[in-house]
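K.L.:
Pasting in a structure now, in structure tokens, and then I'll have a few things to ask.
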Amino acid sequence: MKRFILFLAIIISFGLFPLVTDAAALPEADSKHYTFAVIPYYTPEKIWKLFTPFVDYLNKTTGQSWKLQLYNNHEEFVEDMCNGKISIALAGPVPLGRAYNKCGVKPMLVALGKSGKPSYHSVLITNDPEVRSISDLKGRKIGLFKGSTAAHILPVKMLKSSGVRLSETKPVFLESQDRIVSALMAGELSAGGMKEALYQRLGKANLRVLATSEEVPNFALAALPSLPAKVREKVVAELRMIKPLANANHAELVKNWDDEVKNGFTEPGKDFLPSILNLYSVFWEVTNELR
């Protein structure tokens, strides 16, 4: 036995039998890591801060390993939804419509708003004292986030409904809704589009609402085909169990989650997908107008 141990020590010292120092290289019963990604409506840094608690909850409750995957733009996000690089994605209706059209991705759960409804409004706001109505925006700079339902598609639709074509304004495309807010506050824009919930969180008295959109489908979670059915069912069960609007303990549990996911979830109704596809058609109308 002593000779065997001596022999083993010799071959290790000469590098003939490499030691395994990386725990990841050791075989595991289940080393699968699932990915959760969010459409980049904020900067990656802010997405990381706001959604890390949500991913931590998935890690604690589902019995699986989850990691947060960040994106800089909508194109990469939608592409990875369809090529299997994302397990679960959170996105607004237009990106979901794009993914459904591209590869058949369907909503799994819909996020609830503060009202308890799976819907929201977009607003067109201004910080310019000379702008009193949408018609005053002709020839002025308007902040938009390209491809976003709340900060692009709906604001353009509101302009059009008020008789103002986007081509009559000076659209400025920024990288996130946060950037739009910053540009507005700096006086670099005359108006900007964003989700109503974001405007309400700002609490800025000098920001005024010029128009409010119709009610549209809220953000939704989509499980990609690469996610095993059992994992999907567990995620749905754990998220459906949380009732922050009705249970104080649950509200405390989610207090550090992003506002998009801190009010609970519900199953998508029969009209949810058709509503998404309707907004997707509006997206193409708006996109073609810019060409």
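The values are calculated or read from the model by the stated rules, or taken from the named source; none is laboratory data. Because the structure is a prediction, the values reported are computed rather than measured. Counting neighbours? That spans all protein chains shown, and the Cβs are built from the backbone with ideal geometry, glycine included. We work out accessible area using only protein heavy atoms, side chains counted, and drop any ligands, DNA or RNA first. Shrake-Rupley method; radii C 1.70, N 1.55, O 1.52, S 1.80 Å.
K.L.:
Could you pull out the longest piece of the chain with no exposed loop GluC sites (Glu not before Pro) in it, calling a site exposed if DSSP puts it outside H, G, I, E, B and it has at most 11 other Cβ atoms within 10 Å?
P.N.:
Details: sites that count: E28, E130, E214.
It runs 29-129.
K.L.:
Accessible area per residue, 1.4 Å probe, Å², for the chain: what's the number? Walk me through the numbers before you get to the answer.
P.N.:
Numbers: 14890 Å² over 291 residues.
Counting only protein heavy atoms, the per-residue value for the chain is 51 Å².
K.L.:
Enumerate by residue number the trypsin sites (Lys or Arg not before Pro) in the range 131-166 meeting two conditions: DSSP loop (anything except H, G, I, E, B), and at most 15 other Cβ atoms within 10 Å of the site's Cβ. Present the calculation step by step, with values, prior to reporting the outcome.
P.N.:
Details: sites: R132, K138, R140, K141, K146, K157, K160, R165; in loops: R132, K138, R140, K146, R165.
When the trypsin sites (Lys or Arg not before Pro) of the range 131-166 are filtered for loop state and at most 15 Cβ neighbours within 10 Å, R132, K138, R165 remain.
K.L.:
Let me know the shape class of the range 209-261, please: from the alpha-carbon gyration tensor, a ≥ b ≥ c as square roots of the eigenvalues, rounded when a/c is under 1.5, otherwise prolate if a/b is greater than b/c, or oblate.
P.N.:
Values: a/c = 2.88, a/b = 1.30, b/c = 2.22.
Because a/c hits 1.5 or more and a/b fails to exceed b/c, the range 209-261 counts as oblate.
K.L.:
Given a 1.4 Å probe and every protein chain left where it sits, what share in percent of the accessible area of the chain is carbon and sulfur?
P.N.:
Values: 7950 of 14890 Å².
For the chain, the apolar C and S fraction of the accessible surface comes to 53 percent.
K.L.:
Any number yet on Rg/Rh for the range 169-291, C-alpha, Kirkwood? All intermediate terms of the calculation are to be shown ahead of the outcome.
P.N.:
Values: Rg = 18.3 Å, Rh = 17.9 Å.
Value, to two decimals: 1.02.
K.L.:
Packing-wise, with mean Cβ within 10 Å as the measure, how do 84-97, 102-115 rank, highest first?
P.N.:
Details: 84-97: 25.0, 102-115: 18.3.
Output ranking for 84-97, 102-115: 84-97, 102-115.
K.L.:
Provide Rg and Dmax in Å for the range 232-291, with only Cα atoms included in the calculation.
P.N.:
Values for the range 232-291 (Cα only, Rg and Dmax): 16.8, 51 Å.
K.L.:
Moving to a separate point now. Once fully extended, how much extra length lies between E285 and E252, figured as 0.36 nm per residue of separation less the alpha-carbon to alpha-carbon distance?
P.N.:
On the way: separation 33, 0.36 × 33 = 11.88 nm, distance 4.24 nm.
Stretched fully, the E285-E252 segment lengthens by 7.6 nm.
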